[in-house]
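Trainee: My questions all concern the structure below.
The values are calculated or read from the model by the stated rules, or taken from the named source; none is laboratory data. Just so we're clear, the structure is a prediction, and the values are computed from it rather than from any experiment. Note that we place each Cβ from the backbone using ideal geometry, even for glycine, and neighbour counts take in every protein chain shown. Accessible surface areas use protein heavy atoms only, side chains included; no ligands, DNA or RNA. Shrake-Rupley method; radii C 1.70, N 1.55, O 1.52, S 1.80 Å.
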Amino acid sequence: MKRDPAPAMPVERQYTNDVMFRLGMRVWPQMFRELMGSGDLIWILAKRNVSVKYRQSILSYLWVVIPPVFAVVLFSYLTSRRVINVGPTPIPYLSFALLNISIWLLFSNALMSATRSLVEAETLVTRVNFPKITLVIASVSDAMLEFMIRLMAVAVVFYLQGVNIGMGTLLAPLMLIPLLLLALGAGFLTSIMNLIVRDTASLLGIILTLGMFLTPVLYPAPKLEPFVYLNLLNPISPVLENIQGLLAYGQLTNGSLLFCSSLFSATVFLIGWRIFNLTMPRINERA
Amino acid sequence: MNETVISIDGVGKKYCRNLRRSMLYGLHDITLDILNVHVESRRLRRDEFWSLQDVSLELRKGEVLGVLGANGAGKSTLLKLISGIIFPDMGSVRTRGKVGELIEINAGFHPMLTGRENIYVKGAILGLSKREIDKALDEIVAFAELDTFIDTPVKYYSSGMHMRLGFAVIVHCRPEILLVDEVLSVGDVSFRAKCFNKINSIISEAGVIFVSHNMADVSRICTSVMVLNRGECKYHGGDVARGIDCYYRECATGSSQLVSGSDKAELQKINIMSARNDGGMVVQSQADEFILDMVISAVVDVPRIEVVVTITSLEQQNVLQGNSNFDGVVMDNNGEPLHMRVNLGRLHLVPGVYGVTVSIHRKNRGEILAKYSNCMLFRVTGDRVGHALIQVPAVWETV
């Protein structure tokens, strides 16, 4: 029997004012066990999110591909006419921009749907006791599916532009792990904030739109003075840069920065997770 | 077999009335939690009140605890504490086994998904693996009586169908602790009966907490009751009837007097002659006869009147009635006040609080001249505390 969350021994739980509210190390094994036991639940919730989304739509998955393709084609036109001047890119601009925008959208959509996940299931959150973390994790499935669909569009454009990709591409999906950890970690926090103040999601939408322009998505990583430092602080930028490197040259172009940003993402994930578990009961009594 | 599934010890939970202050306190508490500072929480801050205070209980498998109380007595808070959705400010809650909540029937149902898909989602939320749900699916569908609707989106379901599906999924998850909060009332009569039978059949392996305002349901399935009033436990014990009586005394204070009719008659005075006045009218259930003393007047153009006296339970269920017409009494009216006495005999009512409704009709035409609903409340005392409203002294012989 695979992943059976129902244990042989009855689950014993105790709730008091102080036992659960500890930041100590003892809770981590328990938190991991809970997460591992929730595999089926996350899978079912994820399937629900995806299958509900396009049920009342005719073009369904086309909506995922149309906007980024149009945006990128427009940008290609603008750059080719020198309205916008971007430097040389490791792969042809259209492929470069479409791949980057797909990766950026994976991050921003994942974070946005994570932020909304708890509010959308509010009755469930405040009425039933189950690992609420699963709602947030499952909400990311939607962004992941959309990413895979966009990847098909990316593959078509790569083929048309004759971009050669090497064996290094096989490692590229690994780069997405820190990206998703960051989206989830931040999502844990914003989802709870959104439960208290609904402005969180709107504000986050604005921040993410601005963030896309500050991140080297539609232009290569900046080499000039102030922007270099800004770029160093951006945890998304090394992911984009290194994926480009893997695709074009088969190697990491900025490994050390990627390592730092991954470490940062993992830390955000763990802190977000712990704070999520700590605050959930408090939120439930006020929400 | 009879293992303890819930033990609650001196639990208290406070809430805040003011939304903004509540948020502020929440932020304060969360910050302290994160900083791992433990604060004395016995003190109430401004605008806070105890939703539940110093409640202890123990529940074993095979027991059904009825939780009674007026709105806002803390019943739902208690259920939320048991299911672990919120944590207590004082005391401890210990549960052993899977908790099935029948608190909000459609919590967890997605309106766009079909019934079948929702069973999987809900089952997973309740901690079942996909295989376990596969196994239980047919049984759930059969129990919920949804056969042709099972592949219809849940948003087209009636509220009764919602409730049937919710109940079916939960009981088939084989919970060891079942929490039921006043949701069964949505179902139709036959499904309610089915639900009670189902609860009865699973209690050998589960402890049940049953919140209801319907005393008939409570006395039907509960093995013990707890009465809450403003967060405090007023009664807790295995004597269900005594608990129900306590609930009535604690929670049913204001009588909902209502005067209706064409206003052509008036009940000027009413008194229970046979009652002792002991902080309210008190009648001995088996010993006292029930004698009403009334002064009634009606306008002159009504030649004859008839009077109906009805005794109602606090749930507004009419228990018994005396009708002057059926007793062949003729009451002529000339506009002068009529002083009358009516003896309903020994009532044999189960101890509790009851109301008297007096209605005055125009003879033969049925026009209601005046109807005084619940015009006075009285309390019945006695030691025949049973599960039915009327407790008759029967004659028993062994043959």
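Trainee: Taking the range B:332-383 as the region of interest, how many residues are assigned to a loop (DSSP other than H, G, I, E, B) and either closer than 28 Å to residue B:264 by Cβ or out of contact with any Ser or Thr (no Cβ under 9 Å at 6 or more places or on another chain) (or both)?
Mentor: 10
Trainee: If you don't mind, there's one more thing I want to ask. If residue B:128 passes every condition in (1) within 9 Å of chain A (Cβ to nearest Cβ); (2) buried (at least 23 other Cβ atoms within 10 Å of the Cβ); (3) of a type in the set (A, V, I, L, M, F, W, C); (4) part of a helix (DSSP H, G or I) but one, which one does it miss?
Mentor: Answer for residue B:128: the failing condition is (4).
Trainee: Test residue A:213 against the criterion of being modelled with pLDDT of 85 or more and open to solvent by 50 Å² or more (accessible area, probe 1.4 Å), and give yes or no.
Mentor: Considered against the rule, which asks whether it is modelled with pLDDT of 85 or more and open to solvent by 50 Å² or more (accessible area, probe 1.4 Å), residue A:213 comes out as yes.
Trainee: Within 24 Å of the chain's Cα centre (by Cα), charged (D, E, K, R), closer than 30 Å to residue B:126 by Cα and in a loop (DSSP other than H, G, I, E, B): is that true of residue A:55 in this structure?
Mentor: For residue A:55, the condition - within 24 Å of the chain's Cα centre (by Cα), charged (D, E, K, R), closer than 30 Å to residue B:126 by Cα and in a loop (DSSP other than H, G, I, E, B) - is met.
Trainee: Moving on to the next point. Scan A:281, A:238 and give me the residue that is within 14 Å of chain B (Cβ to nearest Cβ) and assigned to a helix (DSSP H, G or I).
Mentor: A:281
Trainee: If you take the residues in the range B:342-399 that are polar (S, T, N, Q) and farther than 23 Å from residue B:325 by Cα, which one is farthest from the chain's Cα centre (by Cα)?
Mentor: B:398
Trainee: Could you list, in sequence order, the residues of the range A:194-204 that are over 14 Å from the mean Cα position of the chain (by Cα), in a helix (DSSP H, G or I) and touching a residue at least 12 places away in the same chain (Cβ under 8 Å)?
Mentor: A:194, A:195, A:196, A:200, A:201
Trainee: Residues of the range A:76-106 being open to solvent by 50 Å² or more (accessible area, probe 1.4 Å) and touching a helix residue (DSSP H, G or I) at 6+ places or on another chain (Cβ under 7 Å), which ones?
Mentor: Selection gives A:84, A:90.
Trainee: Of the residues A:41, A:78, A:94, only one is within 24 Å of residue A:247 (Cα to Cα) and modelled with pLDDT of 85 or more; which?
Mentor: Being within 24 Å of residue A:247 (Cα to Cα) and modelled with pLDDT of 85 or more holds for just one of A:41, A:78, A:94, which is A:94.
Trainee: Say we look at the range B:80-125 and pick out the residues that are more than 8 Å from chain A (Cβ to nearest Cβ) and surrounded by fewer than 20 Cβ atoms within 10 Å (Cβ to Cβ); which of these is nearest to residue B:50 (Cα to Cα)?
Mentor: By that ranking, first place goes to B:111.
Trainee: Report yes if residue B:145 is modelled with pLDDT under 90 and surrounded by fewer than 21 Cβ atoms within 10 Å (Cβ to Cβ), otherwise no.
Mentor: yes
Trainee: Okay, moving on. Among the candidates A:206, A:243, single out the residue that is surrounded by fewer than 17 Cβ atoms within 10 Å (Cβ to Cβ) and more than 14 Å from chain B (Cβ to nearest Cβ).
Mentor: A:206
Trainee: Within the range B:153-200, which residues are within 15 Å of residue B:139 (Cα to Cα) and away from chain A (no Cβ under 14 Å)?
Mentor: B:164, B:165, B:167, B:168, B:171, B:194, B:195, B:198
Trainee: Continuing with this model, one more query. Name the one entry in B:199, B:140, B:203 that is in contact with a Ser or Thr (Cβ under 9 Å, 6 or more places away or on another chain) and assigned to a helix (DSSP H, G or I).
Mentor: Result: B:203 is the single residue among B:199, B:140, B:203 that is in contact with a Ser or Thr (Cβ under 9 Å, 6 or more places away or on another chain) and assigned to a helix (DSSP H, G or I).
Trainee: So which strands (runs of 3 or more DSSP E) stay within the range B:1-97 end to end and still have 3 or more residues that are at pLDDT 85 or above and among the polar types (S, T, N, Q)?
Mentor: In the range B:1-97, the matching strands (runs of 3 or more DSSP E) lie at B:48-60.
Trainee: Within the range B:105-120, does at least one residue satisfy the condition of being closer than 18 Å to residue B:175 by Cα and modelled with pLDDT of 85 or more?
Mentor: yes
Trainee: For the range A:156-193, name all the residues that are open to solvent by 60 Å² or more (accessible area, probe 1.4 Å) and more than 17 Å from the chain's Cα centre (by Cα).
Mentor: A:156, A:159, A:160, A:161, A:164, A:165, A:167, A:170, A:171, A:193
Trainee: Sticking with this structure for a sec: Identify, please: which residue in the range A:14-38 is facing another protein chain (nearest Cβ under 9 Å) and surrounded by fewer than 17 Cβ atoms within 10 Å (Cβ to Cβ) and is, among those, modelled with the highest pLDDT?
Mentor: So the residue we want is A:14.
Trainee: Is it fair to say residue B:287 is touching a residue at least 24 places away in the same chain (Cβ under 8 Å) and surrounded by 19 or more Cβ atoms within 10 Å (Cβ to Cβ)?
Mentor: no
Trainee: If the requirement is being assigned to a strand (DSSP E or B) and of a type outside the set (Val, Ile, Thr), which of these qualifies: B:165, B:179?
Mentor: B:179
Trainee: Another question, then. Looking at the structure I just gave you, is residue A:275 part of a helix (DSSP H, G or I) and within 14 Å of chain B (Cβ to nearest Cβ)?
Mentor: Criteria met by residue A:275.
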